[in-house]
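Single-structure report; data block below.
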Amino acid sequence: MSDYLPPLTALRAFDAAARHMSFAKAAAELHVTPAALSFQIKSLEEHLGRPLFRRLNRAVELTEAGQALAPGAAEGFAMLQAAWRTVRRQEDDSSLTVTAGPALTAKWLAPRLYEFARAHPEIDLKFSATLRNMDLERDDVDVAIRFGYGQDDGLYSVPVRKEWLTPVMTPELADQFATPESLMNAPLIHDESISFLKPPCDWPAWFRAAEVEFVPTHGAHFSNADHAIDAAVAGVGVALGRRAMILKDLSEGRLVAPFKLAIETKGRFRFLCLPGAEQRPQIAAFRDWFLSEIEKTAHISDEFKIIPIEKVPGP
């Protein structure tokens with residue numbers, strides 16, 4: 001038996017049939033007739049010298065040889081597709097796909113995007129608002145903006161300013177809760193999206209930083225940071241808001257941060273792309289814009305006493 005690979009069309013037919021376990025569904029995926037697909041698989045079996053499928057009455061199942069071939073075929077086609085997408089993106093200077101978390105997209109990116117679009121009308125910008133880990137080699141994404149500690153091996157990574165958190169509320173609630181101690185009686189809003197941070201950057205930590213002996217046991221809990229801030233804007237209670245999520249509402253007066261005391265996380269946002277991709281014109285333009293927009297509001301941090309979380313007394 002020859003070690004030369006069989007025709008790619010035959011392997012592609014096998015891969016589709018093995019994934020669907022149906023010749024008809026595989027044929028539909030590949031836009032060929034079931035007879036044409038069956039012919040391709042038959043030629044592959046002749047090349048191999050043994051059957052890859054058992055043909056049953058209304059179904060098929062993989063033989064031992066088919067089970068051995070299927071994972072490699074699937075991985076091979078996935079790698080080819082990834083390589084093809086990479087090459088196409090390298091040749092494309094007019095489109096840019098960015099992924100960021102839903103909260104950052106809603107509270108920070110979306111309100112500012114008109115400035116980038118005005119400065120770069122030649123770039124077709126697309127956003128994917130998700131926290132799912134993206135594979136920049138395989139997924140159709142050029143840039144990822146992620147928050148956390150960063151394990152960015154093998155990627156071009158630009159860390160930006162660390163995040164800090166401070167209590168925010170409507171001006172009406174601020175009249176009722178004028179001191180850190182008064183927050184012991186306030187309806188507190190909890191942002192669970194950063195519960196992974198160690199040490200925790202939460203209400204108990206902020207109260208310790210404020211030298212108030214209080215551990216909250218009640219309040220509304222939200223899994224998304226933007227939902228927690230929206231609840232604060234609606235007057236539901238007082239949120240411990242992250243800098244990036246509260247800037248717009250603070251600047252437009254919907255929220256106030258009366259205590260000027262913040263705790264700083266060890267986590268930060270990072271701008272991520274594949275090594276070398278940062279030189280593509282649209283990625284370089286978006287990176288420079290992203291970093292410059294962050295610097296525009298850097299002065300706000302000067303208004304606060306910011307205590308790094310590692311310096312906050314323990315419980």
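Any read-out appearing in this document is the output of simple, stated calculations on the displayed coordinates, not a laboratory observation. The model shown is predicted, which means the values in this text are computed figures rather than measured ones. With ideal geometry, Cβ positions are generated from the backbone for all residues, glycine too; neighbour counts draw on all protein chains shown.
The table below lists the values:
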| quantity | calculated |
| --- | --- |
| Under 20 Å from the Cα of Lys42 - aspartates and glutamates, other chains or at least 8 residues apart | Asp3, Asp15, Glu29, Glu61, Glu64 |
| For the stretch 124-186, alpha-carbon Rg and Dmax in angstrom | 19.4, 52 |
| Estimated distance in nm for a label pair at Phe196 and Leu291, the labels positioned 7 Å out from Cα along Cα-to-Cβ | 2.5 nm |
| Inter-site label distance for Glu115 and Leu5 at 7 Å from Cα along Cβ, in nm | 4.8 nm |
| Above-threshold pairs, the threshold being 20 Å between Cα atoms, out of Lys260/Lys311; Lys198/Lys296; Lys162/Lys198 | Lys198/Lys296 |
| Semi-axis lengths (Å, descending) of the ellipsoid that matches the C-alpha gyration tensor of the stretch 202-315 | 30, 17, 15 |
| Percent of Cα pairs exceeding the 17 Å cut-off, where the set is the stretch 8-90 | 45 percent |
| Span from the the stretch 270-289 Cα centroid across to the the stretch 115-173 one, whole angstrom | 12 Å |
| Cα-based convex hull volume of the chain per residue, rounded to whole Å³ | 196 Å³ |
| Calculated FRET efficiency for the pair His218/Ser182, C-beta based, R₀ 22 Å, to 0.05 | 0.85 |
| Among 98-109, 125-136, the order from most to least packed when residues are scored by Cβ within 10 Å on average | 98-109, 125-136 |
| Cα-derived Rg over Rh, computed across the stretch 128-241 with Rh taken as Kirkwood radius | 1.06 |
| Label-to-label distance, nm, for residues given as Ala59 and Ser128 (7 Å Cα→Cβ offset) | 3.3 nm |
| Helix-only [θ]222 nm of the chain, DSSP H runs n ≥ 4, -39500 (n - 2.57) each, per residue, nearest 500 | -11500 deg cm²/dmol |
| Between 0 and 90°, nearest 10: helix 34-48 axis offset from the chain longest Cα axis | 80 degrees |
